[in-house]
Each structure stands twice: as structure tokens, then as C-alpha cells.
Amino acid sequence: MLLVSIKNIQRGVFWVLISVIIFGKHYSLLMYSGVFYISFEYLNQNNNYLTLKKHNYYNWIFVLFLAFIVWVRTRTYAFSESVEYHLNTIEHLLFAITICILVTVYMQLFRILKENSFRNLVLVLIVFNCIGVVNEYAQNYFRQIEVFTLDQNNLKDIMINAIGSVLFLIGSIEYKLKK
């Protein structure tokens with residue numbers, strides 16, 4: 001009997017999503033899929049990551065977030081403009097939470113976060129929100145508009161990213177208080 005590991009299932013989902021991106025010619029999504037896949041492979045080769053109690057949970061967050069991005073951005077379904085707007089908003093909230101988790105994991109692995117403190121969470125928020133702004137510039141590049149101009153949509157996305165990162169902060173504090 002062939003046993004398939006959870007990591008191989010997750011790896012397979014990544015490759016299916018990457019195939020959808022390539023064959024659907026949604027090349028701007030390769031940046032996201034590349035970052036998440038390389039990160040997935042790196043983390044799952046790192047013994048310190050593998051000792052984290054929630055590493056499998058984190059893996060699923062990364063895989064499922066990419067799946068959500070691919071579903072929303074490939075316009076699989078024809079939604080109204082209002083629904084598209086709200087899906088984009090949800091995408092940015094999830095982006096904030098997912099990247100904050102990823103930043104936290106990497107900062108722990110590289111021993112930048114040495115103890116559990118509020119200051120560490122604020123550092124994660126600052127790093128993430130810088131990533132969020134760079135992400136908006138990258139999206140402008142892929143949309144072939146002036147890169148360093150932030151339009152109303154970019155500003156909304158940055159604001160939703162900030163709200164998502166604050167939700168991450170609140171959730172992290174709540175989790176730490178319950179421990």
C-alpha cells in the first residue's frame with residue numbers, strides 16, 4: 001500500500017496551482033506561488049521548523065491561501081464588481097494574516113524573535129506592512145502602470161493589510177494570554 005504524506009499532498013496542491021497559473025497565463029501570480037512554494041520547501045527542510053507544534057497547520061495556511069489567491073485572481077467565476085471588491089478585501093485580510101505568520105516563523109527560525117513579547121509582535125507588524133507596500137508597487141508593475149504611484153485601490157489594499165495585521169496582533173495576544 002502506498003502511503004502519501006501530508007507534505008506530498010501539500011506539495012502536489014502547490015504544483016496544481018502553479019500549473020493553473022502557467023496554463024491560464026496568469027503570470028503575475030508566479031511571484032506569489034514562487035515565494036510560497038520556495039518557502040514551503042525551505043521550511044520543511046528546516047529541523048527547527050519541523051519541531052514547531054503547528055508546522056503542519058502553517059503549511060496548510062500557506063497552501064490554502066495560495067489556492068484562494070489563484071481562485072480569486074484567475075476570475076474562475078464571473079462575479080459582480082461589488083463581489084470582486086469584497087473578495088479583494090478578504091484576500092488582503094488573509095494576505096496580512098498569512099504573511100504575518102510567515103514573518104513570525106522566519107523571525108523565530110533566524111532567532112530574531114528571542115522571547116515572547118509585545119515588542120516582537122510590533123516588529124512583525126512593521127515588517128509585514130513594509131512587505132504590503134512593496135506588494136502594491138509590484139502589483140502596479142504587473143498591471144503595467146506607474147510603479148511608484150498609489151491609487152485609491154492601492155491605498156485601500158494597504159489599509160486592509162494594516163487592519164489584517166492588527167487582527168493578527170490581537171489574535172496573537174489572545175492566544176498568548178490563553179497559554
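Things worth noting here:
- Sites matching GluC sites (Glu not before Pro) across segment 42-124 that sit in DSSP coil, with at most 13 neighbouring C-beta atoms within 10 Å: Glu115
- Derived scalar couplings ³J(HN,Hα) [segment 96-111; Karplus, 6.51 cos²θ - 1.76 cosθ + 1.60; whole Hz; x for Gly, Pro]: 4, 5, 5, 5, 4, 5, 4, 4, 4, 4, 5, 5, 5, 5, 8, 6
- Relative contact order of the chain, pairs being alpha-carbon contacts under 8 Å that are 6 or more residues apart, as %: 21
- Two-site FRET efficiency, Ile22 against Ile126, from Cβ-Cβ distance with R₀ of 45 Å, rounded to 0.05: 0.85
- For segment 40-85, the set of trypsin sites (Lys or Arg not before Pro) satisfying both a DSSP loop assignment and a count of at most 14 other C-beta atoms within 10 Å is given as Lys53, Lys54, Arg75.
- Taking the protein heavy atoms of the chain in the context of the full set of protein chains, the accessible area attributed to carbon and sulfur is 67 percent at 1.4 Å.
- In this structure, the residue pairs whose Cα-Cα separation is over 25 Å, taken from Lys114/Lys176; Lys25/Lys54; Lys7/Lys114; Lys114/Lys156; Lys7/Lys156, are Lys25/Lys54; Lys7/Lys114; Lys114/Lys156; Lys7/Lys156.
- Label zone at Gln45, where the point sits 7 Å out along the Cα-to-Cβ direction: segment 106-120 residues whose backbone N lies under 18 Å: 106, 109-110
- The convex hull defined by the C-alpha atoms of the chain has an orientation-averaged projected area of 12.4 nm².
- Relative to one another, the C-alpha centroids of segment 51-95 and segment 126-179 are positioned 14 Å apart.
- Helix-only mean residue ellipticity at 222 nm for the chain, each DSSP H run of n ≥ 4 adding -39500 (n - 2.57), per residue, nearest 500: -26000 deg cm²/dmol
- Rolling a 1.4 angstrom probe over the protein heavy atoms with all chains in place gives segment 39-134 an accessible area of 55 Å² per residue.
The values are calculated or read from the model by the stated rules, or taken from the named source; none is laboratory data. Keep in mind the model is a prediction, meaning the values are calculated, not measured. Cβ coordinates were reconstructed from backbone atoms using ideal geometry, including for glycine residues, and neighbour counts include every protein chain displayed. When the accessible area is computed, the model is the full protein with side chains, heavy atoms only, and any ligands, DNA or RNA have been set aside. Shrake-Rupley method; radii C 1.70, N 1.55, O 1.52, S 1.80 Å.
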